[in-house]
Amino acid sequence: AELAAALGIKHGMTVVDLGTGVGYMLPYLSPLVGNGGIVVAEDIHQDFLDQARALVEKDKLANVRFVLGTEQDPNLPARSADLILVLDAYPHFDYPERMLAKLGAALRPGGRLALVEYYKRRGAMEGDPDRALKHIRLDLDDVVKEVEASGFRLISQKEQVTRSQYVAIFGKK
């Protein structure tokens, strides 16, 4: 709830939860966009979308839509999103340049891309102290360079969880 509130989501917006997984963020995003807004739950795994759909039905979230993407294309319409949230999914982008180009095309003018990720450092993730070193592809500085090289500009960054997770917000150049 704290993360969703910090993203500046307003009623009537279209927010994409890219890599929604089982839909953890959907109950937090849905009320923020309200009846006039849409939350798009996107994932490349149909089984995750099925689980997210069950959560949405249980919670009666009428403003959530589902999109099955691929490793190279989130299948989002051009200029359809005000905010694209990528929560703990950026390290799984096997084709980051292609995905970032598609995400840029999906953003409306003034739209934002929010990456919420773990730092690539020892102890950043729970469990094995080296888990983040093995799991995370790039640390914050290199993520910013990669995203900016794909036509975005960094608007803001802040630590979400001390020494563990950050939020980086980008706009299109």
Could you work out [θ]222 nm for the chain from helices alone, using -39500 (n - 2.57) per DSSP H run of at least four and dividing by all its residues? Round to the nearest 500 deg cm²/dmol. -8500 deg cm²/dmol
Just need the relative contact order of the chain here, percent rounded to a whole number, with Cα pairs under 8 Å and 6+ apart. 17 percent
What is the spread of the Cα atoms of the chain along each of their three principal axes, largest first, in whole Å? 41, 37, 28
Give the accessible surface of the range 82-122 per residue, rounded to a whole number of Å², with probe radius 1.4 Å and ligands, DNA and RNA excluded. 40 Å²
To the nearest 10 square angstrom, how much accessible area does F48 have with a 1.4 angstrom probe? 80 Å²
Base-10 log of normalised Debye intensity for the range 57-112 (one unit scatterer per alpha-carbon) at q = 0.25 Å⁻¹: -1.09
What residue among A105, A114, A78 shows peak mean-square fluctuation when the chain is described by a Gaussian network model with Cα springs under 10 Å? A78
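Taking a ≥ b ≥ c as the square roots of the Cα gyration tensor eigenvalues, with a/c under 1.5 meaning rounded and otherwise prolate when a/b beats b/c, else oblate, which class fits the range 1-42? Please report the intermediate quantities before stating the final value.
On the way: a/c = 1.86, a/b = 1.26, b/c = 1.48.
It comes out oblate by the Cα gyration axes.
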How charged is the neighbourhood of L61? Take every other residue with its Cβ under 12 Å from the Cβ of L61, and add Lys/Arg as +1 and Asp/Glu as -1. +1
Size of charge dipole - the chain - debye, nearest 20, with Cβ of Lys, Arg +1 and Asp, Glu -1, no other charges: 600 debye
Taking 8 Å as the Cα distance limit and 6 or more residues as the minimum spacing, I'd like the relative contact order of the range 70-154 as a percentage. 28 percent
How much of R137 can a 1.4 Å solvent probe reach, expressed as accessible area in Å² and rounded to 10? 80 Å²
If the viscosity is 1.567 mPa s and the temperature 4 °C, what Stokes-Einstein diffusion coefficient in µm²/s follows for the range 18-85 when Rh is the Kirkwood radius over Cα pairs? 108 µm²/s
If you bin every alpha carbon distance in the range 98-173 into 10 Å steps from zero, what whole percent lands in each bin? 20, 46, 26, 8, 0
Sort E71, E57 by heavy-atom solvent-accessible area, probe 1.4 angstrom, most to least. E57, E71
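The values are calculated or read from the model by the stated rules, or taken from the named source; none is laboratory data. All values derive from a computational prediction rather than experimental measurement. We place every Cβ from the backbone using ideal geometry, glycine too, and count neighbours over all the protein chains shown. Only protein heavy atoms, including side chains, enter the accessible area calculation; ligands, DNA and RNA are left aside. Shrake-Rupley method; radii C 1.70, N 1.55, O 1.52, S 1.80 Å.
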